[in-house]
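Participant: Just dropping this structure here.
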Amino acid sequence: MSEMTRESVLHDMQEAADRMGLDLEDLQEMIVDVLDDFQEKVKQLQEALNTGDHSTVKAISHDIKGAAANYGLELPSQLASEVEKDFEGQPLEAAKKLVAVVETLCGLNLDQE
């Protein structure tokens with residue numbers, strides 16, 4: 001997993017903003033709610049993994065994958081996709097990486113200019 005820095009994430013978010021016809025500042029204002037939602041979803045994901053709840057793991061992973069992609073957050077989107085597709089296999093490692101990535105994202109102060 002490549003190192004995720006504030007600058008690299010903001011660069012990806014700028015590309016997403018351009019794609020949507022928005023200013024980066026618009027996405028920065030919205031990202032707080034998205035990251036709060038990600039943190040809650042990660043908690044639910046961990047519970048579902050612990051109980052073997054396949055449908056919940058897939059649903060949560062799918063939600064994170066789509067929301068992350070919309071904001072240009074490629075790494076969490078990719079990891080969520082791996083968890084979603086590989087629950088029948090061994091999604092635990094991808095899920096652990098996803099948790100770490102969400103925690104890192106939340107510490108990058110992406111809502112600040």
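Participant: Hey, how much of the P(r) for the chain falls beyond 23 Å, as a percent of Cα pairs?
Facilitator: 26
Participant: When only DSSP loop residues count, what GluC sites (Glu not before Pro) in the range 1-73 have their Cβ near at most 10 other Cβ atoms within 10 Å?
Facilitator: Here the GluC sites (Glu not before Pro) that fit, given the DSSP loop and packing criteria, are Glu3.
Participant: I need Val32, Val83, Val99 ordered by Cβ neighbour count within 10 Å, fewest first.
Facilitator: Val32, Val99, Val83
Participant: So what's the net charge close to Leu108: Lys and Arg +1, Asp and Glu -1, counting the other residues with Cβ under 11 Å from its Cβ?
Facilitator: Result for the local shell: -2.
None of the figures in this text is laboratory data; all of them are computed from the coordinates on show. If you're wondering where the values come from, they're calculated on a predicted model, not measured in any experiment. With ideal geometry, Cβ positions are generated from the backbone for all residues, glycine too; neighbour counts draw on all protein chains shown.
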